[in-house]
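The values are calculated or read from the model by the stated rules, or taken from the named source; none is laboratory data. Everything quoted here is computed from the prediction, not taken from an experiment. Neighbour counts run over all protein chains shown; Cβ positions are idealised from the backbone, glycine included.
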Amino acid sequence: MGKKYADYMDEISADDLYKGLLAFGLISNKIPPVFGSTPFFDYYVNNNVSSSNDNHDYVRYKTLRNINTPRQLEIPVPMAYEKMCSALEGNWNYIQAHFHTYTDSQAYIISRIHIQKRKK
């Protein structure tokens, strides 16, 4: 039998998860390059920024589809998104244990959530 779903989760460290989500998973490539998640990540890590406990709505951005139809994109407020990533990082061991508990008995991967560590 090949790798189990939880084995893919075990390849990802808590630090890798945090950096992957925050530096490469926040900003859509449909948004102008003036906004970027990698510079935000670098700023956040290098300046030891702390987030508030305030609730935030999404940042909305309007763009055109390829067929010239308006489309509204929404991204999380970066500080709130960082807080979520930090919570996932802090609980990653529990999340990995959860995947082992509920997927180790499966003969094949049936989860619809497929996160895995990618090369480069």
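Given the options Val49, Val59, Val77, name the one that is over 14 Å from Tyr18 (Cα atoms), without any contact (Cβ under 8 Å) to a residue 40 or more places away in the chain and under 14 Å from the mean Cα position of the chain (by Cα).
Testing whether each residue is over 14 Å from Tyr18 (Cα atoms), without any contact (Cβ under 8 Å) to a residue 40 or more places away in the chain and under 14 Å from the mean Cα position of the chain (by Cα) leaves just Val77.
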Show the residue pairs meeting these rules: Cβ distance below 9 Å; 6+ apart or different chains; first residue within the stretch 98-120 and closer than 18 Å to Ala14 by Cβ; second residue at pLDDT below 75 and surrounded by 10 or more Cβ atoms within 10 Å (Cβ to Cβ).
Phe99/Ser111
Of the residues that sit in the stretch 85-97 and are in a helix (DSSP H, G or I) and free of Cβ contacts under 8 Å to residues at least 40 places away in the same chain, which one is nearest to Tyr5 (Cα to Cα)?
Ala97
Which condition number does Lys119 fail, the rest of (1) at pLDDT 85 or above; (2) part of a loop (DSSP other than H, G, I, E, B) being met?
(1)
